[in-house]
Amino acid sequence: MLKPDALENGYMGKIIDMIIEAGFEIKAMKYTRLSTEQAKKFYEVHAERPFYGDLVEYMTSGPIVAAILEKENAVADFRALIGATDPAEAAEGTIRKAYAESKGRNAVHGSDSDENAEIEGKFHFSGNEIY
Ligand code: ADP
Ligand code: MG
């Protein structure tokens with residue numbers, strides 16, 4: 001996902017370009033806005049964390065871009081491309097280093113396992129939206 005801060009700050013094109021340049025193939029893509037219910041569900045693993053309320057509020061504050069990306073070793077390679085959760089700790093050349101505002105408003109989401117990528121892909125897209 002491209003998160004609300006990334007779109008608010010005008011980085012949609014630049015980030016999508018970095019993703020394509022890094023060799024990811026776009027299998028599905030959608031410009032949309034999460035409802036509070038959807039954001040709560042998407043981040044439910046973090047429900048007990050102190051930042052959960054702020055995270056849900058932020059993720060519903062504006063539109064997002066959801067995408068399914070395909071590549072050999074996609075999960076690990078995408079995590080490497082986006083960089084550390086906190087842009088202050090993100091490596092040079094990563095999306096978060098270039099475009100994230102803060103640890104909370106950090107421009108992009110990447111799935112953390114193949115299993116979660118499957119779940120998150122199905123969260124955003126139905127079969128006829130995936131190519
Ligand atoms: P990542 O997105 O790098 O996988 P996590 O899964 O740990 O990071 O956290 C999910 C999201 O919750 C982060 O991307 C960020 O938007 C938010 N978040 C995580 N930790 C914090 C924190 N300490 N303070 C505020 N927001 C946070
Ligand atoms: Mg995560």
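Numbers at a glance
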{"read-out": "Cut-off under 5 Å, modelled amide H: who pairs with Lys27 long-range", "value": "Ile68, Leu69, Glu70"}
{"read-out": "³J(HN,Hα) computed for each position of the stretch 82-93 - Karplus, 6.51 cos²θ - 1.76 cosθ + 1.60, integer Hz, glycine/proline x", "value": "7, x, 4, 3, 8, x, 5, 9, 6, 5, 4, x"}
{"read-out": "Anisotropy class of the stretch 1-68 from Cα gyration tensor, a/c 1.5 cut", "value": "prolate"}
{"read-out": "J(HN,Hα) series, the stretch 114-131, from Karplus relation 6.51 cos²θ - 1.76 cosθ + 1.60, nearest Hz, glycine and proline x", "value": "4, 4, 6, 4, 5, 5, 5, x, 5, 4, 8, 10, 9, x, 7, 9, 10, 10"}
{"read-out": "Pairs of Cα atoms farther than 26 Å apart, the chain, %", "value": "14"}
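Bear in mind that the values in this text are calculations on the coordinates, not laboratory data. The shown structure was predicted, so the numbers you read here are calculated from the model rather than taken from an experiment.
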